[in-house]
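Notes follow the structure.
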2 protein chains.
Amino acid sequence: MSVLAVDIGGTKLAAAVVDPGGRIAGYSRVPTPHDAGLDAEGLWRTLEALLDKVLADAGSPPLVGVGVGCGGPMTWPAAEVSPLNIPAWRGFPLRDRLRARHPGPPVRIHNDAVCVAVGEHWRGAGRGRGNVLGMVVSTGVGGGLVLDGRLVDGASGNAGHIGHVVVDPDGPPCKCGGRGCLEAIARGPGLVAWAREQGWRPEGRDVTGVELAADARRGHPLAVAAMRRAGRALGIAIASATHLCDLEVAAIGGGLSQAGALLFDPLEEAFRTHARMEFARQVQVVPAELGQTAGLIGAAALIYGGDRYWSAD
Amino acid sequence: MSVLAVDIGGTKLAAAVVDPGGRIAGYSRVPTPHDAGLDAEGLWRTLEALLDKVLADAGSPPLVGVGVGCGGPMTWPAAEVSPLNIPAWRGFPLRDRLRARHPGPPVRIHNDAVCVAVGEHWRGAGRGRGNVLGMVVSTGVGGGLVLDGRLVDGASGNAGHIGHVVVDPDGPPCKCGGRGCLEAIARGPGLVAWAREQGWRPEGRDVTGVELAADARRGHPLAVAAMRRAGRALGIAIASATHLCDLEVAAIGGGLSQAGALLFDPLEEAFRTHARMEFARQVQVVPAELGQTAGLIGAAALIYGGDRYWSAD
């Protein structure tokens, strides 16, 4: 059996053929095109070429389904997608187009961070557990929620927005329009902005989260403080989520999670400060396991694990 | 068909016979005994006498089940209960005892605030909706969570602890051992303590939440400020829960919710400040509908709506 799995983000388009064990039998990726004047159909043709290549490389197997993770927002489950970082698609009928291209097997599309969480539950750090929060911490902070063994979709497919749990009500404004959201503090660009305000200057280098993390590893006090700030915000948000949802595992992936102890130590400290009841202290906060392919594996699980991960039509 | 529904709290023991429509066909209550020297068996005998009376009054109908809401904490679903405000029961095997008393039909026990939320979902402010947070705001702040049409239990039956969502990380210490929890700020005694610190003096009257609410209705500025403080904390916590769970309805019951606009206006203001994304703005924050009997109706729903509200054995 084979599933065609697709991961659509602002940086890259990736696709793979995934077997029922979650193993990737074929994989390809291209940078997401951002040419001036690129229209919706142009981007669709790029995606189609990628899918053609991946399927051909895998020997054109018969498909039991097509699973897709795509940047939000989107309508769900209809999946008219308007990814924040892909201006060429606004209300693009991705599910309809993929159904027309692959008539017969189910086509299922969910938020890309939700797919990462599903991947971690199916074959990663949350496997075998019933109550798992999967998170992606990088340019934004996203997530997905598996409770009582099932993916939670919520009213409109938007459950899992851990990035907008409020961790500091009087904190910095967030791109969502709110204030003091986890994402406003812990997203890479937010950290960099804060560090610069405090006086951090990456002399002769780019002003990026990568350089900030590098300086933190070298012990630069402002960079270390920035990581502490992000870790603390994450710990507070995970404590809140734990109390509300009675989690077993919080699995944290995305670029920033690679900062290791610089991030996880203050995270753990804040979590332990706020999560004191016995049931809450049982939660394990761990790095995600699947790395770059988590989203593809989760997209495949929308098909293979449809009983747990797909509640819509 | 009849269910024997029971509600066990620190103030009262209540019981009723409930029909499949959620109507209460018989009802009785007694104050929870707190005599010095009362032991576990003494309290059990008080409960048995209450159940005998309710069943006799209803004509001793055959029971399709026994549903119980009980103050936490408890092991779940085994329901060895240790209600915070009932010292006579510590690890009391309530489910086993009720099973021995009513052999045959299922006996199902859940947290009392969870039962209130279930009641509001089944027959109250959340009926017909798939994603509902039910809350009780009084001496403590508790709740329960229905997502994708099912009660969420979480890893140990503790999902729904909205009272320990963090709304002010540097805020007052909470009885749970944490800091800045919603409950630490918005519970009645917390409000009273804060108002007194600010200089509120209910001259010649008791220092209680009831008097504080009365003064707020009279326009006493410190009492109004206390209600604002609670409303704001509630609005922040509900915004966080909405983002994480993609809710449709948050239904708020308990004594404090009767403060009306004095509480709900600042709540709504804080909610609107923090819940700005389109899906989050759809949520309706409303007073609970079922009043004092919500917990009993929810306890009955553990039986009648077992497919949605009971995931355990």
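Rule-based calculations on the coordinates, nothing more; no lab input. These numbers were taken from a predicted model, which means no experiment stands behind them. For neighbour counting, all protein chains shown are included, and Cβ atoms are generated from backbone atoms with ideal geometry for every residue, glycine included.
Looking only at GluC sites (Glu not before Pro) in DSSP loops with at most 16 other Cβ atoms within 10 Å, what is the longest site-free stretch of chain B?
With a cap of 16 other Cβ atoms within 10 Å, the longest stretch comes to B:1-202.
What does the average come to when, for each residue of peptide A:268-280, you count the partner chain Cβ atoms lying within 10 Å of its Cβ?
Per-residue shielding by partner chains comes out at 5.
Calculate how steeply helix B:261-274 sits against the longest principal axis of the alpha-carbon atoms of chain B, using the helix alpha-carbon long axis, and give the answer as 0 to 90 degrees to the nearest 10.
Long axis of B:261-274 versus the principal axis of chain B: about 70 degrees.
If Lys and Arg each add +1 and Asp and Glu each add -1, what is the summed charge of the other residues whose beta carbon sits under 12 Å from the beta carbon of B:Gly9?
0
For B:Met74, A:Met277, what's the fewest-to-most ordering of other Cβ within 10 Å of each Cβ?
With the fewest neighbours first, B:Met74, A:Met277 line up as A:Met277, B:Met74.
Compute the label-point distances linking A:Gly204 to its equivalents in the other copies; points lie 7 Å from Cα along Cα→Cβ; give nm, one decimal, shortest first.
8.0
With axes computed from alpha carbons, what is the tilt in degrees of helix A:221-245 against the longest principal axis of chain A, rounded to the nearest 10 within 0 to 90?
Helix A:221-245 sits at roughly 60 degrees to that axis.
With the Cα gyration tensor of the stretch B:142-183 in hand, give its eigenvalues times 5 under a square root as the equivalent ellipsoid semi-axes, listed largest first in whole angstrom.
24, 10, 7
Which FRET efficiency value, to the nearest 0.05, is calculated for B:Arg127 and B:Thr11 with the Förster distance at 25 angstrom and r the Cβ-Cβ distance?
E between B:Arg127 and B:Thr11, to the nearest 0.05, is 0.40.
Once each part is reduced to its C-alpha centroid, what is the distance from the stretch A:144-220 to the stretch B:46-83 in angstrom?
If we compute the Cα centre of each part, the gap is 47 Å.
I'd like the trypsin sites (Lys or Arg not before Pro) in the stretch B:37-125 restricted to DSSP loop residues with at most 11 other Cβ atoms within 10 Å, sorted by number.
Here the trypsin sites (Lys or Arg not before Pro) that fit, given the DSSP loop and packing criteria, are B:Arg90.
Taking 8 Å as the Cα distance limit and 6 or more residues as the minimum spacing, I'd like the relative contact order of the stretch B:125-288 as a percentage.
Relative CO of the stretch B:125-288 lands at 25 percent.
Convex hull over the alpha-carbon atoms of chain A: what's its volume per residue in Å³?
Output value, Cα hull per residue: 135 Å³.
Give me the mean projected area, in nm² to one decimal, of the convex hull enclosing the Cα positions of the protein assembly as shown.
Here the figure is 30.6 nm², rounded to one decimal.
What nm distance separates the two modelled labels at A:Met1 and A:Thr75, each placed 7 Å from Cα along Cα→Cβ?
Computed distance between label sites A:Met1 and A:Thr75 equals 3.0 nm.
How far is helix B:294-304 tilted, in degrees, relative to the longest principal axis of the Cα atoms in chain B, given as a value from 0 to 90 rounded to the nearest 10?
50
Give the nm distances, rounded to one decimal, from B:Ala100 to the matching residue in every other copy, measuring between label points 7 Å along Cα toward the beta carbon; shortest first.
The projected label point of B:Ala100 is separated from its counterparts by 6.9 nm.
Rank the residues B:Cys115, B:Cys176 as a footprinting-exposure proxy: fewest other Cβ atoms within 10 Å of their Cβ go first.
Lowest to highest Cβ neighbour count: B:Cys176, B:Cys115.
Near B:Gly142, within a Cβ-to-Cβ distance under 15 Å, what is the net charge of the other residues, with Lys and Arg +1 and Asp and Glu -1?
-4
Stokes-Einstein D for the stretch A:162-299 at 4 °C, 1.567 mPa s, Kirkwood Rh over Cα pairs, in µm²/s?
Calculated translational D: 83 µm²/s.
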